[in-house]
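First the structure, in the form of structure tokens, and then the observations on it.
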Amino acid sequence: MDPERRVAKALEYAQAILARYVEPGRRDCEQTINQLLNVLDEEAAVQAVEELKMEKPTAEQLAELKRLSAIARVPDESEIVTSREEAEIRIRDLKEKARME
């Protein structure tokens with residue numbers, strides 16, 4: 001299973017746990033937290049998140065970086081970005097800078 005699917009599955013399980021918690025009736029906070037920890041701290045889910053952080057940026061992210069760099073009037077950083085996570089951070093920063101322009 002690819003990292004995106006593993007993270008999506010963990011998120012689905014966590015949402016189901018929270019949905020059960022907010023239903024009317026008796027609640028057990030400790031049990032809910034433990035269930036969430038079991039899902040979100042599972043080695044496969046943690047590893048999937050790490051893999052996603054290290055994956056190369058997508059073509060869409062690189063195109064967005066180029067576009068935003070032009071709008072924000074800064075040098076194009078798309079050639080030096082090494083991960084999806086870094087691309088997202090730079091895109092967010094460039095969007096903020098472009099708003100100020």
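Annotations for the structure displayed:
- Straight-line cross-link reach from LYS95 at under 16 Å between alpha-carbon atoms covers these lysines, not counting any fewer than eight positions away in the same chain: LYS66.
- Full-extension gain in nm, LEU40 to GLU4, via 0.36 nm per residue minus C-alpha separation: 11.6 nm
- Between ARG92 and GLU23, the FRET efficiency estimated from the beta carbon spacing at R0 = 22 angstrom works out to 0.05.
- The range 59-100 - convex hull of alpha carbons, volume per residue in Å³: 52 Å³
- The chain - Kirkwood radius from inverse mean 1/r over Cα pairs (Å): 16.0 Å
- Reducing the range 45-59 and the range 1-40 to their Cα centroids gives an inter-centroid distance of 21 Å.
- Note on the range 3-54: Rg/Rh from Cα positions, Kirkwood definition for Rh, rounded to two decimals, is 1.07.
None of the figures in this text is laboratory data; all of them are computed from the coordinates on show. Quantities reported herein were computed from a predicted structural model and do not represent experimental measurements. Neighbour counts run over all protein chains shown; Cβ positions are idealised from the backbone, glycine included.
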